[in-house]
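Comments concern the structure below.
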Amino acid sequence: MLRDSKQPLLLPTAGQLCTKHKSVVSGVRAYVVLPPTNDEEEKAMLHRMMRVDHAGEYGANRIYAGQMAVLGRTQIRPLIQEMWDQEKQHLSKFNEILAENRVRPTLLLPLWNIAGFALGAGSALLGKEGAMACTVAVEESISEHYNSQIRTLMEKDPEKYTELLQLIKEFRDDEMEHHDTGLEHDAETVPGYQLMKAIIQAGCKAAIYVSERL
């Protein structure tokens with residue numbers, strides 16, 4: 001499990017990062033989240049981060065849409081809907097950040113549209129357990145990616161990137177909650193769980209790599 005093999009919970013909490021601020025998702029405008037800079041290298045780094053984060057949340061939305069298309073009439077519907085609603089909030093915030101900071105989204109959004117839905121629907125065809133296994137694999141990958149960004153920003157200038165760190169931390173915690181929810185709802189009982197998880201996470205890593213660059 002992620003809690004045993006990784007160390008995400010050792011990273012700064014939202015309160016440690018910024019105790020005086022309310023939720024970034026609801027209360028902070030995009031131009032505050034991304035600090036202004038005239039440094040082209042720093043600007044490129046921030047744009048890459050936002051581009052890939054937007055792509056990841058877009059893909060997650062399509063995965064949950066696919067799961068809902070298959071399992072929308074079953075007892076698991078409210079749980080999937082709850083997680084999907086959080087992903088919609090994440091995507092909405094990144095849409096705002098990209099628009100206000102003139103960050104180009106990845107050119108691969110049409111591909112992630114199709115691939116995400118197909119992954120969600122395909123995993124859901126294995127039943128609730130398959131959908132939850134997909135959720136665990138994807139959310140673990142996204143959490144690890146957010147943790148990597150947190151470490152990068154903390155090393156560079158934690159005070160300058162306070163708002164961005166808080167945003168990423170909040171979203172990382174949501175993804176961790178989804179990950180744990182999947183485990184609690186029998187993700188590991190689906191046949192071929194470890195192989196399925198490895199394949200999905202390999203795809204996630206490839207998607208992250210190309211989305212940063214295209």
- Task: Could you list all residues from the stretch 69-82 that are in a helix (DSSP H, G or I) and either free of Cβ contacts under 8 Å to residues at least 40 places away in the same chain or surrounded by 23 or more Cβ atoms within 10 Å (Cβ to Cβ) (or both)?
- Result: Arg77, Pro78, Ile80, Gln81, Glu82
- Look at Ala137 and say whether it is open to solvent by 20 Å² or more (accessible area, probe 1.4 Å), small (Gly, Ala, Ser), within 19 Å of the chain's Cα centre (by Cα) and within 23 Å of Leu108 (Cβ to Cβ). no
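This table checks each residue for (1) within 20 Å of Ile208 (Cβ to Cβ); (2) modelled with pLDDT under 95; (3) in contact with a strand residue (DSSP E or B) (Cβ under 8 Å, 6 or more places away or on another chain).
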{"site": "Pro78", "(1), (2), (3)": "no, no, no"}
{"site": "Pro105", "(1), (2), (3)": "yes, no, no"}
{"site": "Leu119", "(1), (2), (3)": "yes, no, no"}
{"site": "Lys128", "(1), (2), (3)": "no, no, no"}
{"site": "Glu144", "(1), (2), (3)": "yes, no, no"}
{"site": "Glu159", "(1), (2), (3)": "no, yes, no"}
{"site": "Leu164", "(1), (2), (3)": "yes, no, no"}
{"site": "Ile168", "(1), (2), (3)": "yes, no, no"}
- Item | Of the criteria (1) farther than 23 Å from Ala187 by Cβ; (2) surrounded by 22 or more Cβ atoms within 10 Å (Cβ to Cβ), which one Gly120 fails | (1)
- Message: Suppose we keep only residues that are free of Cβ contacts under 8 Å to residues at least 60 places away in the same chain and not basic (Lys, Arg) within the stretch 104-114. Which one would you say is most open to solvent (accessible area, probe 1.4 Å)?
- Response: Ile114
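The values are calculated or read from the model by the stated rules, or taken from the named source; none is laboratory data. Just so you know, these numbers come straight off a predicted model, no measurement behind them. When we count neighbours, we look across all protein chains shown, and the Cβ atoms used for this are built from the backbone with ideal geometry, even at glycine. Protein only, heavy atoms only, side chains kept; ligands, DNA and RNA dropped before computing areas. Shrake-Rupley method; radii C 1.70, N 1.55, O 1.52, S 1.80 Å.
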